[in-house]
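Report on one structure; see the data block that follows.
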Amino acid sequence: MPSVLQIPLHDFHAAQGARFVAFGGWNMPVQYTSILEEHKAVREAAGLFDVSHMGEFFVQGSDAALFLDRLVVNAVASAPIGKAVYSPMCNSEGTVVDDLIVYRTGEEAFLVCVNAGNIEKDYGWFLKQAERWGLDVSVEDQSDDYALLALQGPQAEAILLAVGLEEVAEIKRFWHQLVTFGGEKIRICRTGYTGEDGFEIYSSPKVAEVLAKQIMSEGEAFGVKLCGLGARDSLRLEAGLPLYGHELSDHITPFEASLDWTVKLNKTDFIGKNALTEQKENGIPCRVVHFKLEGRRIAREGTPVLDEAGEVVGQVLSGTLSPILSCPIGSAIVRSEVKDAPLFVDLRGNQLALQIAKPPLHK
């Protein structure tokens, strides 16, 4: 097995002038023109991302809904067919194993999208819990069967309509539908990771390449651009969306990540429920906050966050330059008692004040 895996459409991206980087064990397009240009295309028109490195598990059986409800912190069993549910998945300490999107495809069937770098770990976790609970459920890792395109931006729907996918107009936010394209069933989901309207499209690699070419051809009049991981990261950080290994990790709970809305303590028992209930009752010790900075210096991951006395009260989790705001932005985890107090970072001897802001930062 190669040390770095190739996504199915690698040759297509290379022909479009993509620059590649290793990410999550995959050789991924990081940019085509410039991150600034690609980022602005998504905010103003549309951008096409290839996120085929993500993992896909198929979960089915008479206990599939109960199994997933016990596995993640959000409510899955009550979701109707066609609904998508975002949720962290926790260990018994309440910290996060991964964050997922669960698509209900039938009464006893679900498609689960997991992070690329966590596929092997998550699959083992799913199988371990299924065996431990003795439920009527089967879990299949179908990641190799799928390519995944994401078309994001205010013109995304218009472009897919131009391609001939009329059904997208009926799909609501965080819903999905099975449609036919190129003689094959593909799944179109109105979810996203940019803070814009948009769609994720699950298909075979063969159909994905045909669709990508049509999107770029029909979308030219709408201003569509191919986009890489660089723009994906700056877009999600502007929107205040977490990235596993940064705002979420096995050291951070959903409450600490400020994802309280995902934790349904009133549903069935789930892994981490006791720890999260205790944390909520006793006080959440730290919180993830988002910020802007003056000037051009970026506060990078790991930079200490200081209070007015110069004491370290947290650290930066993500940092980049916002192409829309033209200033540095980022996220940090800080002690709860100081999250509303003046906070600073020291960048090469210059102490800069964090301008705490509620996401989406670009609005």
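The values are calculated or read from the model by the stated rules, or taken from the named source; none is laboratory data. Worth saying up front: this structure is predicted, and the values here are computed from it rather than measured. Cβ placement follows ideal geometry from the backbone for every residue including glycine, while neighbour counts extend to all protein chains displayed.
Here is the figure for segment 299-317: residues that are of a type in the set (A, V, I, L, M, F, W, C) and either outside any strand (DSSP E or B) or more than 25 Å from Lys363 (Cβ to Cβ) (or both) total 5.
Rundown of residues vs (1) touching a Ser or Thr at 6+ places or on another chain (Cβ under 7 Å); (2) assigned to a loop (DSSP other than H, G, I, E, B), yes/no style:
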site	(1), (2)
Phe255	no, yes
Ser258	no, yes
Trp261	no, no
Ile271	yes, yes
Glu281	no, no
Arg287	yes, no
Arg297	no, yes
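Scan Ala130, Ala156, Ala116 and give me the residue that is outside the structural domain of Ser62 (by TED's automatic domain parsing), crowded, with 19+ Cβ neighbours inside 10 Å and in contact with a Phe, Trp or Tyr (Cβ under 7 Å, 6 or more places away or on another chain). Unique residue meeting the criteria: Ala156. On inspection, Ala231 passes the criterion of being modelled with pLDDT of 95 or more, touching a helix residue (DSSP H, G or I) at 6+ places or on another chain (Cβ under 6 Å) and not aromatic (Phe, Trp, Tyr). Every condition in (1) closer than 16 Å to Ala116 by Cβ; (2) free of Cβ contacts under 8 Å to residues at least 60 places away in the same chain is met by Trp261 except one, and the failing one is (1).
Yes/no matrix, rows are residues, columns are (1) within 23 Å of Asp141 (Cα to Cα); (2) of a type in the set (Asp, Glu); (3) without any contact (Cβ under 8 Å) to a residue 60 or more places away in the chain; (4) in contact with a His (Cβ under 7 Å, 6 or more places away or on another chain):
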residue: Ser34; (1), (2), (3), (4): no, no, yes, no
residue: Phe49; (1), (2), (3), (4): yes, no, no, no
residue: His53; (1), (2), (3), (4): yes, no, no, no
residue: Ser62; (1), (2), (3), (4): yes, no, no, no
residue: Leu71; (1), (2), (3), (4): yes, no, no, no
residue: Ala84; (1), (2), (3), (4): yes, no, no, yes
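Here is the figure for segment 140-159: residues that are closer than 22 Å to Ser52 by Cβ and over 22 Å from the mean Cα position of the chain (by Cα) total 1. Exactly one residue out of Gly106, Gly124, Gly94 is of a type in the set (Gly, Ala, Ser), crowded, with 19+ Cβ neighbours inside 10 Å and at pLDDT 95 or above, and it is Gly94. Take the conditions closer than 21 Å to Trp175 by Cβ, among the hydrophobic types (A, V, I, L, M, F, W, C) and outside the structural domain of Val96 (by TED's automatic domain parsing) and apply them to Ala46. Does it pass? Criteria met by Ala46. Of the set (1) over 21 Å from Thr194 (Cα atoms); (2) assigned to a helix (DSSP H, G or I), all apply to Val42 but (1). So is Arg70 at pLDDT 95 or above, basic (Lys, Arg) and touching a strand residue (DSSP E or B) at 6+ places or on another chain (Cβ under 6 Å) or not? Against the criterion (at pLDDT 95 or above, basic (Lys, Arg) and touching a strand residue (DSSP E or B) at 6+ places or on another chain (Cβ under 6 Å)), Arg70 does not qualify. Is segment 317-329 home to any residue that is more than 27 Å from Tyr193 (Cα to Cα), at pLDDT 95 or above and surrounded by 22 or more Cβ atoms within 10 Å (Cβ to Cβ)? Taking every residue of segment 317-329 in turn, none turns out to be more than 27 Å from Tyr193 (Cα to Cα), at pLDDT 95 or above and surrounded by 22 or more Cβ atoms within 10 Å (Cβ to Cβ). Taken over segment 1-15, the criterion of being in contact (Cβ under 8 Å) with a residue 60 or more places away in the chain and either exposed (fewer than 15 other Cβ atoms within 10 Å of the Cβ) or closer than 15 Å to Met54 by Cβ (or both) is satisfied by Ile7, Pro8, Leu9.
Residue-level check: of (1) more than 23 Å from Ile119 (Cα to Cα); (2) buried (at least 19 other Cβ atoms within 10 Å of the Cβ), Leu36 misses just (2).
Every condition in (1) of a type in the set (A, V, I, L, M); (2) closer than 20 Å to Phe270 by Cβ; (3) touching a residue at least 60 places away in the same chain (Cβ under 8 Å) is met by Leu148 except one, and the failing one is (2).
Answer yes if at least one residue in segment 3-15 is part of a loop (DSSP other than H, G, I, E, B), aliphatic (A, V, I, L, M) and in contact with a Cys (Cβ under 6 Å, 6 or more places away or on another chain), and no otherwise. No: segment 3-15 contains no residue that is part of a loop (DSSP other than H, G, I, E, B), aliphatic (A, V, I, L, M) and in contact with a Cys (Cβ under 6 Å, 6 or more places away or on another chain). Looking only at segment 181-236, filter to residues that are of a type in the set (Ser, Thr, Tyr) and not in a helix (DSSP H, G or I); which one of those is surrounded by the fewest Cβ atoms within 10 Å (Cβ to Cβ)? Result: Ser204. Filtering segment 219-256 to residues that are within 15 Å of Leu36 (Cα to Cα) and free of Cβ contacts under 8 Å to residues at least 60 places away in the same chain leaves only Arg236.
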